[in-house]
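The values are calculated or read from the model by the stated rules, or taken from the named source; none is laboratory data. As the structure is a prediction and not an experimental result, all values here were calculated from the model. Glycine also receives a Cβ, built like all others from the backbone with ideal geometry; neighbour counts cover every protein chain displayed. Accessible surface areas use protein heavy atoms only, side chains included; no ligands, DNA or RNA. Shrake-Rupley method; radii C 1.70, N 1.55, O 1.52, S 1.80 Å.
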Amino acid sequence: MTLTALDHPLPQSLATGSVPITVARGDGIGPEIMDAVLHVLSEAGARLDVEEIEIGNRLYERGITAGIDSSAWDSLRRTGLFLKAPITTPQGGGYKSLNVTARKALGLFANVRPCSAYAPFVASHHPGMDVVIVRENEEDTYGGIEHQQTDEVVQCLKLISRPGCERIVRYAFDYARAHGRRKVSCFTKDNIMKLTDGLFHRVFDEIAEEYPEIESEHRIIDIGTALLADDPRRFDVIVTPNLYGDIVSDVAAQLTGSVGLAGSMNIGEQCAMFEAVHGSAPDLAGRNEANPSGLLQAAILMLGHVGQGDVAQRIENAWLTTLEEGVHTPDIADPAHTRTIVGTSEFAHAVVERLGRSPATPPPAGVERHRAVPIAGAKPSEPAVKELVGVDVFVHWRSNGSDIEQLAATLQKAAPASLELAMITNRGVKVYPDGLPETFCTDHWRCRFLESEGRQLYRLAPARLIEGLTLAGLDCIKTENLYTFDGQPGFSRGQGE
Ligand code: NAD
């Protein structure tokens, strides 16, 4: 056993296994629920070597704003497997979200959250619900690339890459194949974001063709989420970009009956992290009342990932039997099903006592999910023929009563002869030419210049354009070069297309 110098002894039987894992007890209820889970893993015969690291509050208190230090990273690199209890993220003060840091630093591109209702074991509005959300975990608006550009306008960059889409979509189909699932649904908003979400949808359609035995469909995220909430049985596996996945996976977990029962896994090529869906619940810390089931579900997913599906199944059956026999923590207690209300550690003992037993009621579908899924890399892409055909210049300009025609005249006069002002938009709405007086405008103007005769621009043209506009007294805050790729425009053409 390798163990960092912490004050909690680990269960001995976990010390002699074969798969090294890194464990963090976290904050709030973290230590209590982790103790409970390690006890169950130990008694169930999980073949694990545990290394413990410290993350979260104690590190934040020492001024380590990332909440994790180099010795912890060393352990994670060594084991490649992380069972993590929730941590408390301090508000403000420049602290970083450890979850976001870990996902990015360890390349955990897939966030997988099985959302199954456990009715009749736990009450649910949607008995029979059995949906797996596969969320892209590294891209989208979560890059944290944000800028204030003018007095009135801030922006956040949404970055979607073809390799990122390929990896997550292929993972979703491989997950479906490995688990005998019938359908993969893709949720995007590509009716509005035609390039970013459009790429995700296009890659989904391409990859779906390689899995003819699995049904595939695309839904716009808003109606898709509404249908999920109305009747989750319509769906099986859902794959979606980061932000939508963040929201949809919480909606789905809540629909099962309790967020407190869900575990999730974050999967990368070198590393995988397993955790409960819920947070550190500071209100319950130290009271031996928290439900350890979410973290136990995460541990069950981990066992499946490392090829110990037999142990995972043993624990899942004992856990279901415990719930079936009405041994419940306070959060899921209800008069109809609960016989005994127990604390965190007593619940773990109750699960251990039932190891080797299976519930009398057939377990709900979805508990058969203990299989490792292969991770395929993205194919290298062929470089396209890329031609510069224009420039979008963003200008900070207060109209102060002057009309947009004046701004347009200044822009055109100051631009090099090869560039023609094609349009001006404000928050994406075209205001020149042919704008409407009713359009509300801010101080942030997107001014589109195109090569006057439709030819390729010389590389210094954008710099010359900025120089001209700046000398004319305009405040240019950013530019985007407009390219075609193999003759196809690589830019949106305006609102409502
Ligand atoms: P939370 O999930 O910690 O708590 C929400 C509610 O659910 C509380 O009433 C809590 O008592 C209850 N609850 C949560 N887990 C429970 C359990 N196992 N058993 C019984 N009841 C449970 O969410 P929050 O209050 O918004 O966040 C608290 C802290 O956790 C914050 O600092 C937040 O940043 C952090 N957080 C961490 C993670 C993580 O580490 N993965 C995830 C979410 C939130």
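Over 28 Å, how big is the tail of the calculated P(r) for the chain, in percent of all Cα pairs? Can you show the working numbers first?
On the way: 73516 of 123256 pairs.
Of the Cα pairs, 60 percent sit more than 28 Å apart.
Evaluate the Kirkwood expression for the hydrodynamic radius of region 386-489, namely the inverse of the mean inverse distance over all pairs of different C-alpha atoms, and round to one decimal in Å. Before the final figure, lay out each step's value.
Working: mean 1/r = 0.0718 Å⁻¹.
Roughly 13.9 Å, rounded to one decimal.
Using the Cα centre as the reference, give the magnitude of the dipole from point charges on the C-beta atoms of the chain (Lys, Arg: +1; Asp, Glu: -1; all else neutral), rounded to the nearest 20 debye. Could you put the intermediate results ahead of the total?
Values: 46 positive and 66 negative charges, 125 e Å.
Here the chain has a charge dipole of around 600 debye.
Per residue, how large is the accessible surface of region 386-489? Use a 1.4 angstrom probe and give square angstrom.
Details: 5730 Å² over 104 residues.
Result: 55 Å² per residue.
So for the pair VAL251, GLU209, with labels modelled 7 Å out along Cα→Cβ, what separation do we get in nm?
According to this spin-label approximation, the distance is 3.0 nm.
Taking the Cα centre of region 386-489 as the origin, how large is its charge dipole in debye, to the nearest 20, when only Lys and Arg (+1) and Asp and Glu (-1) carry charge on their Cβ atoms? Working shown, then result.
On the way: 11 positive and 14 negative charges, 49 e Å.
Dipole of region 386-489, to the nearest 20 debye: 240 debye.
For region 341-451, what's the radius of gyration and Dmax over Cα atoms, in angstrom?
Rg and Dmax of region 341-451, Cα atoms, are 31.3, 83 Å.
Which of ALA463, ILE192, ALA176 sits farthest toward the positive end of the charge dipole of the chain, with +1 on the Cβ of Lys and Arg and -1 on the Cβ of Asp and Glu?
Most positive-ward Cα: ALA463.
If the reach is capped at under 22 angstrom between alpha carbons, list the lysines near LYS158, excluding any in the same chain fewer than eight residues apart.
Cα-Cα hits under 22 Å: LYS96, LYS104, LYS189, LYS194, LYS386, LYS430, LYS478.
If each of ARG398 and GLU146 carries a label point 7 Å out from its Cα toward its Cβ, how far apart are those two points in nm?
Using points 7 Å along Cα→Cβ, the separation is 2.5 nm.
Using a basic spin-label model with each label point 7 Å from the Cα along Cα→Cβ, how many nm lie between ALA226 and VAL385?
4.5 nm
Which of ASN400, VAL50, ALA360 sits closest to the plus end of the dipole of the chain, meaning its Cα is farthest towards the positive end, when Lys and Arg get +1 and Asp and Glu get -1 on the C-beta?
Of ASN400, VAL50, ALA360, it is VAL50.
Just by accessible area at a 1.4 angstrom probe, what is the order of GLU269, GLU324, GLU275, GLU453 from largest to smallest?
Numbers: GLU269 105, GLU324 50, GLU275 15, GLU453 125 Å².
Final ranking, largest accessible area leading: GLU453, GLU269, GLU324, GLU275.
Of the heavy-atom accessible surface of the chain (probe 1.4 angstrom), what whole percent is carbon and sulfur?
Details: 11110 of 21760 Å².
The nonpolar share, carbon plus sulfur, comes to 51 percent.
Heavy atoms only, probe 1.4 angstrom, no DNA, RNA or ligands counted: give me MET129, MET193 ranked by accessible area, highest first.
Values: MET129 0, MET193 60 Å².
Sorted descending by solvent-accessible area, the residues read MET193, MET129.
With the cut-off at 1.5 for a/c, could you classify region 200-276 from its C-alpha gyration tensor as rounded, prolate or oblate? List each step's numbers first, then the result.
On the way: a/c = 1.90, a/b = 1.16, b/c = 1.64.
Since a/c reaches 1.5 but b/c is at least a/b, the shape of region 200-276 is classed as oblate.
Over the chain, what is the relative contact order in whole percent, taking alpha-carbon pairs under 8 Å and six or more residues apart? Before the final figure, lay out each step's value.
Values: 1062 pairs, mean separation 77.8, N = 497.
Here the relative contact order equals 16 percent.
With every protein chain present, what is the per residue accessible area of region 256-370 (1.4 Å probe, Å²)? Kindly include the intermediate steps, with their values, before the conclusion.
Numbers: 4050 Å² over 115 residues.
Ligands and nucleic acids excluded, the figure is 35 Å² per residue.
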